[in-house]
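Before anything else, here's the structure in question.
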Amino acid sequence: MAWVRIDEDFYLHPKVRRAGPLGMAMQVAALCYCNKYLTDGFVPRSVVPSLLNLEGIAMHVWHGELIGGGEDATWKLVVQDLLEAGLWEKVDGGYQIHDYLDYQPSRAEVLADREAAKERMARARARRSLDVRANFSRTSCEVPETCAGSSDNPVPDTV
């Protein structure tokens with residue numbers, strides 16, 4: 001399981017506050033998406049509408065103005081707030097989370113860490129396997145006839 005790094009004061013940051021509660025929610029969803037798919041902070045435009053379910057959420061006030069008596073929130077309005085707040089930047093094909101790599105590991109770092117973990121696990125398994133084999137050869141007889149008279153490994157008399 002991967003983790004997203006979010007500072008405990010994230011919600012207090014002026015940019016996050018400027019983006020509003022829906023902007024904050026979309027920012028967290030975008031961070032999770034980017035970490036999961038190792039995009040280095042790039043959010044494809046095609047993905048943005050599915051990051052946050054806004055169905056049934058109406059906005060009565062937007063940028064301090066009453067609009068449409070409860071107009072439905074849309075991903076486009078939320079993205080506009082993220083852009084205006086400086087949390088996202090518009091790029092070819094989508095959006096880039098501002099300063100993503102200052103706070104989250106890059107794709108290259110994650111892949112290198114995974115490879116290192118895989119190698120560590122393989123070495124640990126190999127050591128355990130050698131330990132088990134060494135322990136087995138010290139405590140068992142490979143040729144049962146030679147163990148029959150041994151006091152270390154008595155064989156019960158069945159006659």
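Are there any pairs with C-beta distances below 7 angstrom linking a residue in segment 82-104 that is free of Cβ contacts under 8 Å to residues at least 40 places away in the same chain to a residue that is assigned to a helix (DSSP H, G or I), with the two at least 6 apart or on different chains, and if so which?
Note: pairs meeting the criteria are LYS90/LEU83.
Name the residues in segment 84-107 that are open to solvent by 70 Å² or more (accessible area, probe 1.4 Å) and more than 23 Å from ALA25 (Cβ to Cβ), would you?
If the condition is that a residue be open to solvent by 70 Å² or more (accessible area, probe 1.4 Å) and more than 23 Å from ALA25 (Cβ to Cβ), then ASP92, ARG107 are the ones that fit.
Is it the case that segment 134-153 has a residue that's at pLDDT 65 or above, more than 25 Å from the chain's Cα centre (by Cα) and of a type in the set (Asp, Glu)? Don't jump to the end; show me each part of the working.
To start, the set of residues in segment 134-153 that are at pLDDT 65 or above comprises 134-135.
Narrowing further to those that are more than 25 Å from the chain's Cα centre (by Cα): 134-135.
So of that shortlist, the ones also of a type in the set (Asp, Glu) come out as none.
No.
The values are calculated or read from the model by the stated rules, or taken from the named source; none is laboratory data. Worth saying up front: this structure is predicted, and the values here are computed from it rather than measured. Because the Cβ atoms are built from the backbone with ideal geometry, glycine has one as well, and the counts that use them run over all protein chains shown. All accessible areas refer to the heavy atoms of the entire protein, side chains included, with ligands and DNA or RNA removed. Shrake-Rupley method; radii C 1.70, N 1.55, O 1.52, S 1.80 Å.
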